[in-house]
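The block underneath contains the structure these notes are about, expressed in structure tokens.
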Amino acid sequence: MDTISTEVFFLPDELGRTSVSIPAGLFNRCRLLLTRCQYEHIFVPIRSMQYLAVIDAEGIIFVDSQAYAVRGGEGGRLILLTWQFRPELRPDALTMPVPIEVLYYHPQAPAIQKRLLGDFTKSLDILEARYRDQGCEARAKKVLPFKR
């Protein structure tokens, strides 16, 4: 059995939120990755933005891999925005866009969101190829509140 390493992330106060839809193909790929791996979290490096996405059953968190903070003796990266899946609004067809809530935790998050769809999709391509060759990573996430 693999030893699971745990990554710590800090959740700042919410600055805003919006409802959007993501392409069904992107949502389906995230769900498929989760079912193919025996772990609860999938870590997706988005190298073009120097971000990290962490997928789980409830949604995706996006963190700046360079933004590190320490609180209460624990260090971790700051969450910039999250995509929360909305199961109650999920369409019946596998090809229909999927509604999500985007929660912003950083002043630049709306601009970051615009770029994420394309860069995140490209990063999933790379990760899927690596997982085919090497298998899934044994990593978990721990999210703590971050009060400024």
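For this structure, a couple of remarks:
- Where Lys141, Lys122 fall by accessible area, highest first, once all protein chains stay in place (1.4 Å): Lys122, Lys141
- Rolling a 1.4 Å probe across all protein chains gives Thr6 an accessible area of roughly 80 Å².
- Positive dipole terminus of the chain, leading residue within Gly73, Met49, Pro97 (C-beta point charges): Met49
- Hydrodynamic radius (Kirkwood) for region 1-82, which is based on Cα pairs only, to one decimal in Å: 14.3 Å
- Figure note: Cys30, Cys136 ranked by solvent-accessible area, largest first, 1.4 Å probe, ligands and nucleic acids not counted: Cys136, Cys30.
- Given +1 at the Cβ of Lys and Arg, -1 at the Cβ of Asp and Glu and no other charges, the dipole of the chain around its Cα centre is 260 debye to the nearest 20.
- If you take the Cα centroid of region 125-144 and the Cα centroid of region 1-49, the two points sit 10 Å apart.
- Solvent-accessible surface ranking, highest first, for Met49, Met96 at 1.4 angstrom: Met96, Met49
- Across region 11-148, Cα pairs under 8 Å and at least six residues apart give a relative contact order of 33 percent.
- For the residues Glu58, Glu40, Glu101, a GNM of the chain with alpha-carbon springs under 10 Å puts the largest fluctuation on Glu58.
- Just checking the listed ones, Leu124, Leu80, Leu32: in the Gaussian network model of the chain with Cα springs under 10 Å, the one fluctuating most is Leu32.
- GNM remark for the chain: springs join alpha carbons under 10 Å apart, and the peak mean-square fluctuation among Arg132, Arg77, Arg17 falls on Arg132.
- Lacking any other cysteine beta-carbon closer than 4.7 Å, the following Cys residues of the chain have no compatible partner: Cys30.
- Its Cα gyration tensor gives the chain an equivalent ellipsoid; the semi-axes, largest first and in whole Å, are 23, 21, 14.
- Using heavy atoms of the protein chains and a probe of 1.4 Å, the accessible area assigned to Ser19 is about 80 Å².
- Helical content alone sets the calculated 222 nm signal of the chain at -9000 deg cm²/dmol, taking -39,500 (n - 2.57) per DSSP H segment of four or more residues and averaging over every residue.
The values are calculated or read from the model by the stated rules, or taken from the named source; none is laboratory data. Model, not experiment: these values are computed from the prediction. No Cβ is skipped: glycine too gets one built from the backbone with ideal geometry, and neighbour counts run over all protein chains shown. Heavy atoms of the whole protein, side chains included, go into the accessibility calculation; ligands, DNA and RNA do not. Shrake-Rupley method; radii C 1.70, N 1.55, O 1.52, S 1.80 Å.
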